[in-house]
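Peer 1: Okay, handing you the structure first.
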């Protein structure tokens, strides 16, 4: 265990807030290194744990834990929006501890869309070049699970805004793919709070670090990045097309169609080169790339229809990217949890496309209302509100033309219907 993290944790009264995947990982990490240390664990749900040295605080008063500890190790899914914080309380998280204390090179990737593809490609490019690299973070692998074995490797970390919110350190190489409205229900200040959380990916970088960002967005107008001292490396479609090596990477994988995936390729390749990857390794990683689960994946040809699962696309702009990349979408299934996003521009963009649009609760029903308000000038063919996924699939069979695509791309999270998003496409 790193002496620095041991010193940081010291004799503080530590509490874990949230006990799902990352909270359980934090508990396992602390118990491994402090087997008899008193811990306080809080969650709104009931916790079953056989540990005489752990005190549990569950139910409606679980946030009382904020007044009972010195150091709060918060899970990313727990929002503290509007919650008064006691003076002197220190809040940290797994990502913060890893970025501050893990003895390795860290490459972090964030963005409203593209971070999973970019981080997966980056890890593959490094490994294809013979460099030891691990993928972790928002891909479902808590970073502390690798803390004790990561020395001498490159940690490629997918970073959500929730994971970045309480960080005081940044990765050596930071990649910010793009910024769109998302998670507005989680942050005080809405979009400004969301952007501020994302900005932690570069705000604590040193001058010798590297910040790679999307040159095709006015990122420095959307977020306050004045504190970033790292070398700034803009990457956009125009710059990529002008670079012979980056341009040569296009078309190497059939799973990376569309301009958004060109961005992802350019981001990953630029970061990989800065981390010491070889051009041949980068090419080989792209040739071997088999796609991301639930991202533009063809899952069936039933009824002569191509059924495409894109269910982890939870923002409107991502849905439009996917529709344009596929080129033959006849039916779109969308809708999910309302997190405060403004769907008016999205509805106008959908109205210009000749689609059957099947609308799930709750945001889908809101979008259906916006589409119907477009009137007879809209190009959309059928606007079909439904209540369940079973009804959505039945409607899709009835209205989708053969040899065309039915796309599940919800433009929203699914927490209102499914505990984990994978169940939305029938898996678990």
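The values are calculated or read from the model by the stated rules, or taken from the named source; none is laboratory data. Treat the numbers as computed from the prediction; the structure is a model and nothing was measured. With ideal geometry, Cβ positions are generated from the backbone for all residues, glycine too; neighbour counts draw on all protein chains shown.
Peer 1: Hey, any hits in the range 53-61 for a residue that's at pLDDT 95 or above, crowded, with 18+ Cβ neighbours inside 10 Å, in a loop (DSSP other than H, G, I, E, B) and not assigned by TED's automatic domain parsing to the domain that holds residue 209?
Peer 2: no
Peer 1: A further question follows. When you go through 106, 113 one by one, which is the residue that is within 28 Å of residue 289 (Cα to Cα) and part of a loop (DSSP other than H, G, I, E, B)?
Peer 2: Checking each option against the conditions leaves just 113.
Peer 1: Can I ask one more? Hey, does the range 79-89 have a residue that's buried (at least 17 other Cβ atoms within 10 Å of the Cβ), more than 18 Å from residue 158 (Cα to Cα) and out of contact with any helix residue (DSSP H, G or I) (no Cβ under 6 Å at 6 or more places or on another chain)?
Peer 2: Checking the range 79-89: at least one residue is buried (at least 17 other Cβ atoms within 10 Å of the Cβ), more than 18 Å from residue 158 (Cα to Cα) and out of contact with any helix residue (DSSP H, G or I) (no Cβ under 6 Å at 6 or more places or on another chain).
Peer 1: Of 284, 257, 274, which residue is under 23 Å from residue 349 (Cα atoms), in the same structural domain as residue 125 (by TED's automatic domain parsing) and surrounded by fewer than 21 Cβ atoms within 10 Å (Cβ to Cβ)? Break it down into steps so the answer makes sense when it comes.
Peer 2: Values: 284 fails: under 23 Å from residue 349 (Cα atoms); 274 fails: under 23 Å from residue 349 (Cα atoms).
Of the residues listed, the single one that is under 23 Å from residue 349 (Cα atoms), in the same structural domain as residue 125 (by TED's automatic domain parsing) and surrounded by fewer than 21 Cβ atoms within 10 Å (Cβ to Cβ) is 257.
Peer 1: Moving on. Looking at 82, 77 in this structure, which one is assigned to a loop (DSSP other than H, G, I, E, B) and at positive phi?
Peer 2: 82
Peer 1: Checking the condition free of Cβ contacts under 8 Å to residues at least 40 places away in the same chain and closer than 14 Å to residue 305 by Cα, which residue from 394, 379 passes?
Peer 2: Selected residue: 394, the only one of 394, 379 that is free of Cβ contacts under 8 Å to residues at least 40 places away in the same chain and closer than 14 Å to residue 305 by Cα.
Peer 1: Just to confirm my filter: which strands (runs of 3 or more DSSP E) fall fully inside the range 213-322 and include at least 1 residues that are in contact (Cβ under 8 Å) with a residue 12 or more places away in the chain and under 17 Å from residue 122 (Cα atoms)?
Peer 2: Qualifying strands (runs of 3 or more DSSP E): 231-235.
Yes or no, residue by residue, for (1) in contact (Cβ under 8 Å) with a residue 60 or more places away in the chain; (2) in contact with a strand residue (DSSP E or B) (Cβ under 8 Å, 6 or more places away or on another chain); (3) not in a strand (DSSP E or B):
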| position | (1), (2), (3) |
| --- | --- |
| 16 | no, yes, no |
| 22 | yes, no, yes |
| 27 | no, yes, yes |
| 30 | no, yes, yes |
| 36 | no, no, yes |
| 46 | no, yes, yes |
| 50 | no, no, yes |
| 72 | no, yes, no |
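Peer 1: Determine, yes or no, whether residue 43 is under 29 Å from residue 190 (Cβ atoms) and touching a helix residue (DSSP H, G or I) at 6+ places or on another chain (Cβ under 8 Å).
Peer 2: Yes; evaluated as a whole, the condition is true for this residue.
Peer 1: Residues that are surrounded by fewer than 19 Cβ atoms within 10 Å (Cβ to Cβ), modelled with pLDDT of 95 or more and in a loop (DSSP other than H, G, I, E, B): does the range 406-421 have at least one?
Peer 2: No, the range 406-421 contains no residue that is surrounded by fewer than 19 Cβ atoms within 10 Å (Cβ to Cβ), modelled with pLDDT of 95 or more and in a loop (DSSP other than H, G, I, E, B).
Peer 1: For residue 378, state whether it is farther than 16 Å from residue 410 by Cβ and at pLDDT 95 or above.
Peer 2: When the stated conditions are applied, residue 378 does not pass them.
Peer 1: Could you say which residue among 145, 96 is touching a strand residue (DSSP E or B) at 6+ places or on another chain (Cβ under 8 Å), surrounded by fewer than 24 Cβ atoms within 10 Å (Cβ to Cβ) and not in a strand (DSSP E or B)?
Peer 2: Details: 96 fails: touching a strand residue (DSSP E or B) at 6+ places or on another chain (Cβ under 8 Å).
The conditions single out 145.
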